Amino acid sequence: MQDLIRRTAEIMKNSHKTVVVTGAGISTEAGIPDFRGENGIYRQLGEDRVMRIINIDFFRRNPEEFYSFYRQYFNFPAVEPSKAHYMLAQMEKEGYVYGVVTQNIDNLHQKAGSKKVIPIHGNAEQFICQERSCRAIYDAEYVKDYPETVPRCSRCGGIIKPDVVLFGENIYNYFDAREMILSAHLLIVIGSSLTVYPLAGFVREFCTFTQDLIIINKGPTYLDHAALIKIDTGTTGVVLEKIHEHLQRIK
């Protein structure tokens, strides 16, 4: 693995634009559960049931049942960013990373200090009134402390929705995310098996134009065959720290 880490640092050093794509694997190291992992709700409850409820049409028809489910299964633990989040923020600050496109909704990249972050599935710490003339924004504490199951806007009384992409909705910042990925000189995928579209499609599209792809993930991904380097690890933070150390040496 040391050789792979050294080679990754050398490639990053020579890249004029490195973009990072992150998935659930980077946040499990911070204590956020992986919904598709062994103990995740997709395995426990069945993916069909979860997809049926965490769906925009279901939310609109049955907000009471939606929020009963959401409050029970989608309350993130209060965690701090992992070492991996902090290392990416540091490498952005030093110019080694241009920006991050993330599938995660936990806001940990932003908390760690990353500035150029495109969270394509939204931010679970934020809630938005669904009345078009209002669109007031609330934090998670407001919703947590709300006396009824379905939280409502204090301004207009409209129902508040989590600021996350539900099934049946388009991802946020589609064109910005695609442009950032396709304009990269080097793309580093961290903690994603690349099964969720359209992000996986963006990465595939990137691979048709260039071979400068590095994957850091625990277990196989669908694009391992296209990667210059694949680092199989469950300790992403340690790997990024070692990559950063090598970058400092070859200044």
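When LEU182 is tested against the conditions (1) under 30 Å from VAL50 (Cα atoms); (2) free of Cβ contacts under 8 Å to residues at least 40 places away in the same chain, the lone failure is (1).
Rundown of residues vs (1) buried (at least 17 other Cβ atoms within 10 Å of the Cβ); (2) without any contact (Cβ under 8 Å) to a residue 24 or more places away in the chain, yes/no style:
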residue: GLY95; (1), (2): no, yes
residue: ASN104; (1), (2): yes, no
residue: ILE120; (1), (2): yes, no
residue: ILE137; (1), (2): no, no
residue: VAL143; (1), (2): yes, yes
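Residues of region 34-57 that are modelled with pLDDT under 80 and acidic (Asp, Glu): ASP34, GLU38, GLU47, ASP48.
Does VAL196 fit the bill of being at pLDDT below 95 and within 16 Å of LEU4 (Cβ to Cβ)? Reasoning before the result, please.
Values: at pLDDT below 95: yes; within 16 Å of LEU4 (Cβ to Cβ): no.
Judged against the criteria, VAL196 is not a match.
The residue list GLY31, GLY113, GLY25 contains one member that is modelled with pLDDT under 90, surrounded by fewer than 20 Cβ atoms within 10 Å (Cβ to Cβ) and either under 19 Å from the mean Cα position of the chain (by Cα) or among the hydrophobic types (A, V, I, L, M, F, W, C) (or both), which is GLY31.
Answer yes or no: is there a residue in region 174-193 that is in a loop (DSSP other than H, G, I, E, B), farther than 25 Å from PHE69 by Cα and in contact with a Leu (Cβ under 9 Å, 6 or more places away or on another chain). Write out each step before concluding.
So the first thing to find is which residues in region 174-193 are in a loop (DSSP other than H, G, I, E, B), and the list is 183-185, 191-193.
With farther than 25 Å from PHE69 by Cα added as a condition, the list becomes 183-185, 191-193.
Next, only the ones that are in contact with a Leu (Cβ under 9 Å, 6 or more places away or on another chain) stay: 192.
Yes; the residues of region 174-193 include at least one that is in a loop (DSSP other than H, G, I, E, B), farther than 25 Å from PHE69 by Cα and in contact with a Leu (Cβ under 9 Å, 6 or more places away or on another chain).
Only one of the listed residues (SER192, SER183, SER154) is closer than 24 Å to TYR98 by Cβ and surrounded by fewer than 17 Cβ atoms within 10 Å (Cβ to Cβ). That residue is SER183.
The values are calculated or read from the model by the stated rules, or taken from the named source; none is laboratory data. Owing to the predicted nature of the structure, the values given are computational and were not obtained by experimental measurement. We place every Cβ from the backbone using ideal geometry, glycine too, and count neighbours over all the protein chains shown.
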